[in-house]
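Here's the structure we're looking at; comments come further down.
The values are calculated or read from the model by the stated rules, or taken from the named source; none is laboratory data. Bear in mind that the values here come from a model prediction, so they are computed numbers and not experimental data. Reconstructed Cβ throughout: ideal geometry from the backbone, glycine too, with neighbour counts over all protein chains shown. For accessibility, only protein heavy atoms count, side chains too; no ligands or nucleic acids. Shrake-Rupley method; radii C 1.70, N 1.55, O 1.52, S 1.80 Å.
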Amino acid sequence: MSLPSIGDLPLEQRRIIRAWCMYDWANSAFATSIAAIVPIYFVFLFKEAAGDDGTVLGIFTGSSMWSLGVALSTGFVAFSSPVLGVIADRVPIRRVLLATYMIIGSVFTMLAFFAPYAPEPWVWMFVMFTVANIGFVGSIVFYNSFLPHLGPRHLLDDISSRGYAYGYLGGGLLLVVHLAFILATRDTDLADLATRLSIASVGVWWFGWATWTLRVVPEPPVRPSEERLTPPSAFVLGFRELRRTFGEIRRFRVAVVFLIAYLLFNDGISTVTAIAGAYAADTLAIPLVFNMGTVATIQFVAVPGALAFAWLADRIATKPALTVALVGWIGIVVVGVSLAPLPPTDHGDFDFQFAYRESSGDYVAEVAPDLDDGYELRWRDHYWRIEEGYAFRASAIEGLAEAMRDAPGVEYAVSVSGGPLDGASGVGESHPSMLGDGPVDWWPSLMRDLVWAPLGLAVGPQWLLLGAMVGWVIGGSQALARSLFAQVTPERRSGEFFAFFGFIGRASSVFGPTVYIAATALFDTRVAVMSILFIILAGTIVLGRVDVEAGARTAAEEDARIAEA
């Protein structure tokens, strides 16, 4: 006799599962549109304020400062959620905690709209994101803790995967709207306003859809408490229960081994997803609109990807299916480091494009980067100030191409077409296509020579290809990790154990960005990304030691003990 599916459950239970999934639909807008828009917008604000060297205190770049915000916000949740989780198992406040974190996250997301009106716009954006991210990751801790109460254990893979599928679809739909809005206003005076309205609308979307979840999903049953709990005594109880859990750690050995594996592989995955947007802007010079399109691709590919991994888990079991997803992530990191912009060859590929005008005998800057104050370059006592539309005599720009090649720190490329300087070109030493100095630059150089250049794939399509790869595995790795943990932990202590799950997930999100910051400061961003590969690999190896059947038996015994108490 086959086990019942979700469709066989009572109507009211299916309604609760759907409402629970809708919270993923609601908050995934933060994980998608914020991931696609805010890192690049933040790097833009940061570079405007950072000066010539592009750093603060000589250490933090735009992407590493972004990682610091991720580390601070997730660290706060990581160290506060275990105590709150214990309390939520004894006091019916799980829905209140979910609502509180949701309101904090959505409101501070809306407040990011006002960044340009602050004395230091990048600081305002940094603070708003950091607090909003506390709301985002904090709400997920308690949202996840509802999972064991939604259906029988054999359906947890399916329920968890459906939740992620809802999230990817909802987040993807809103991202497409944002992408269309930003494309429609690009190169107009409304571009900055459109970007900020898109960011603020994430908060509105999140708050609005989350009310469905809070209205329908009931408070899970709590363990009886022998004492009258006030806020101070509740926290005392929380710390006391945590101490007792640590004393019983040997009883839940399987869950502990899984959490160690999760600490490692989730560290890699969450770090990669958190810094992807900033890495795209800082290292690969991928435009905001193209990055948004790639994130949208991830969202829509992830819907069938999450459901496919649920199907795979049903065929080969949860742990082997999760291992397949993690091997996929290892391949993604390797490919991600290999991405490299192609060197500009055609005249239309260059950042500055000068064309000769026969009628006046001068050169006009037909194309130039969109910089507020134009571009200034000094080299060997020569000085150029360039904006789109500026005209120069031939003698005035003679030597400009050589200056682009030889002046330190230049990140642009120039090409001249027609007239006496026809064919002159120069690529700055800091141009994204310049490789060769970093410890792992041999790898993107090799891939560019063997794959990207022969195929004619510019860095934008390369990034899109990587995004499609991410889409296929991201839902499986997240959904199956959540459901596997639910299978090896007691349902009656779900708040406490999922708080530990959240703690490990967020603690890993502190460690990973810290490693990224250190590796960037010591080497470069490609080395920093490559370092993440070894963390995911270590987690995959530890996962192999998780005995799921033994963990499920221990969880059932604990539930029975609590029921008899």
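Around Trp442, under 15 Å between beta carbons, what's the net of Lys plus Arg minus Asp minus Glu among the other residues? Before the final figure, lay out each step's value.
Working: positive: Arg448, Arg526; negative: Asp437, Asp441, Asp449, Asp524.
Net local charge, Trp442 excluded: -2.
What's the extension gain from Asp189 to Val324 if we count 0.36 nm per residue and subtract their Cα-Cα distance?
Taking 0.36 nm per residue and subtracting the Cα distance, the gain is 43.9 nm.
Whole-Hz Karplus ³J(HN,Hα) for region 463-476, in order, using 6.51 cos²θ - 1.76 cosθ + 1.60 and θ = phi - 60°, x for Gly and Pro?
Running phi through 6.51 cos²θ - 1.76 cosθ + 1.60 with θ = phi - 60° gives 5, 5, 4, 4, x, 5, 4, 4, x, 6, 10, 5, x, x Hz.
Given the whole protein assembly as supplied and a 1.4 Å probe, what does the accessible area of Arg18 come to in Å², nearest 10?
Surface open to solvent at Arg18 totals about 110 Å².
Please compute the Kirkwood hydrodynamic radius over the chain, one decimal place, Å, based on all pairs of different Cα atoms.
Details: mean 1/r = 0.0396 Å⁻¹.
Value: 25.2 Å, from the Cα pair sum.
Excluding Trp384 itself, what net charge comes from residues whose Cβ is under 10 Å from its Cβ, given Lys and Arg +1 and Asp and Glu -1?
+1
Would you mind getting the accessible area per residue of the chain, heavy atoms of the protein chains only, 1.4 Å probe, in Å²?
Result: 42 Å² per residue.
Pop out the ³J(HN,Hα) list for region 338-349 in order, Karplus 6.51 cos²θ - 1.76 cosθ + 1.60 with θ = phi - 60°, rounded to Hz; leave Gly and Pro as x.
Values, residue by residue: 7, 5, 7, x, 6, x, x, 10, 6, 3, x, 7 Hz.
Based on the Cβ-Cβ distance from Phe523 to Val367, what FRET efficiency comes out when R0 is 45 Å, to the nearest 0.05?
Numbers: r = 33 Å, r/R0 = 0.74.
Efficiency, from the Cβ-Cβ distance: 0.85.
How many angstrom separate the Cα center of region 264-299 from the Cα center of region 110-149?
18 Å
Counting Lys +1, Arg +1, Asp -1, Glu -1, what net charge surrounds Ala401 among other residues with beta carbon under 14 Å of its beta carbon?
Summing Lys/Arg as +1 and Asp/Glu as -1 gives -4.
Please sort by residue number the GluC sites (Glu not before Pro) in region 316-392 whose DSSP state is loop and whose Cβ has at most 12 other Cβ atoms within 10 Å.
Hits after loop and neighbour filter: Glu358.
With n ≥ 4 as the cut-off for DSSP H runs, can you work out [θ] at 222 nm for the chain, using -39500 (n - 2.57) per run divided by the number of residues, rounded to the nearest 500?
Using -39500 (n - 2.57) per qualifying helix, the result is -22500 deg cm²/dmol.
Which residues in region 357-374 place their backbone N less than 11 Å from a point set 7 Å from the Cα of Ala391 along the Cα-to-Cβ direction?
357-365
Per residue of region 28-38, in order, report the coupling 6.51 cos²θ - 1.76 cosθ + 1.60 (Karplus, θ = phi - 60°) as ³J(HN,Hα) in whole Hz, putting x for Gly and Pro.
Taking θ as phi minus 60°, the curve returns 5, 4, 5, 6, 10, 5, 5, 5, 7, 9, 5 Hz for region 28-38.
State the percentage of accessible surface on the chain attributable to carbon and sulfur atoms; use a 1.4 Å probe and exclude ligands, DNA and RNA.
63 percent
Can you tell me the FRET efficiency between Leu11 and Ala468 if r is taken as the Cβ-Cβ distance and R0 is 22 Å, rounded to the nearest 0.05?
0.05
From the convex hull of the Cα coordinates of region 388-489, what is the mean projected area in square nanometres? The partial results should precede the final answer.
Values: hull surface 45.9 nm².
If I average the Cα hull's projected area over directions, I get 11.5 nm².
Please list, ordered by chain and number, the residues whose modelled amide H lies under 5 Å from the amide H of Ser417; skip anything fewer than 5 residues away on the same chain.
Result for Ser417 returns Phe354, Ala355, Tyr356, Gly423.
Work out the FRET efficiency for Leu450 and Arg253 from their Cβ-Cβ distance, taking R0 = 45 Å, and round it to the nearest 0.05.
Values: r = 47 Å, r/R0 = 1.04.
Efficiency for this residue pair is about 0.45.
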